[in-house]
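Please treat every number below as a calculation from the coordinates, not as lab data. Worth saying up front: this structure is predicted, and the values here are computed from it rather than measured. Every residue, glycine as well, gets a Cβ built from its backbone with ideal geometry; the counts of neighbours run over all protein chains shown.
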Amino acid sequence: MSLAVVRSIGTARGWRSEEDAADFEQEIIDQYALAMAAAGLSDAYISHSRTAIFELRSHVNIPLWQVKPADADAFLAGLRRAGLAASTRAGKAGVIAQFFDFAISRYQADINALTGWVIEQPIDEYNRQSGSSLGKVRVPPSDAEVDRLFGGWAASLQDERRFLPAARNYFAASLWRRVGLRITESTKLDLRDWRPDLGTLGKLHVRFGKGSRGRGSKQRLVPAINGADKLMDWWLGDVRHRFGPDWDDPDAPLIPSERFDHELGRTGRASDDVLRRGLVRATERFLPAWSGDLTPHVLRHYCASSLYLAGMDLKALQELLGHQWLSTTTQYIHVSSQHIEDAWAHANKSVEERFEGMA
């Protein structure tokens, strides 16, 4: 994607026609695109962002510096009436909010000097798309339910007619449960990404982590905590070599398919869909109350919640999950009402002990 050279708008200047006003508006949008490119965002993300901004501009049919929250209300409501998915509407709202943050931060003075308008953020606390309002709150199952699912799943493996794919699906889901890997992150792991020499338990080198706002892959090292070290020992010691002779090829997939690529001399890579179907079948069999609701991402939420309740602090969880912002990590923490009651009781006990010590 190539970006046109634009004039500096650092100094206010007048204009003689409506075309000058349109050019000024276009310059702000182009400067935003240049800023995104400078931040390392992908061409696809930049193009998507510009499209959303132009959609808003076409809807309101007024200069962007005149857009108010009521205009954004009408625009977002129109997207909903048009049948766009909740995630799509949230994405467009987020892009628009970022653009206006940029325009306000860098060019508010120029806009006011040239137009007499005070630009404001049209995506506010009332129309901002949130996870809860979109029905995206992924409250995970309880510890007892997860133990029931994985306990039954593990016990059934030896009786499976096709042991290898069943064991593979169980292994992948266990990674989501124990260390919170995303499904795509797990399918892109190679054998060389398991580093038992790092740390006390070993670490997984996640080379294809999700980057924020189109920045591409974000790498991180995930320690084999929460029983993941024993899981890796079982997988590599008892199962993985049975998929084919590539068990010692560092470039072979950690989670393979059953197909062997003779040209590459290694197995193929298991797909997201195959692993999802494995979780669906296991859930229907061992935890039917969660059929249709338990997904790989819900298990990621379960991992975050269970580790937090076990005492892991939010900063460590942020690093484990690969989040850029701590606020994102907090959305993954779901605690029971009993946890709140326990915290209240603990706080009261601490106060009582302090007063007793003063007596």
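Hey, with R₀ at 35 Å, roughly what FRET efficiency would Asp143 and Leu326 work out to, going by the Cβ-Cβ distance, to 0.05?
0.90
What is the extension gain from Asp249 to Asp272, computed as 0.36 nm multiplied by their sequence separation minus the C-alpha to C-alpha distance, in nm to one decimal?
Gain on extension, Asp249 to Asp272, equals 6.1 nm.
If the only charges are +1 at each Lys and Arg Cβ and -1 at each Asp and Glu Cβ, what is the size of the charge dipole of the stretch 50-113 around the Cα centre, to the nearest 20 debye?
220 debye
On a 27 Å Cα-Cα criterion, which of the cross-link pairs Lys188/Lys315; Lys92/Lys203; Lys68/Lys92; Lys203/Lys349 come out too long?
Long pairs (Cα-Cα over 27 Å): Lys92/Lys203; Lys203/Lys349.
How much net charge surrounds Pro69 when only the other residues with a Cβ under 13 Å from the Cβ of Pro69 are counted, with Lys and Arg +1 and Asp and Glu -1?
-3
Spin-label point model (7 Å from Cα, Cβ direction): what's the Arg161 to Asp23 distance in nm?
7.4 nm
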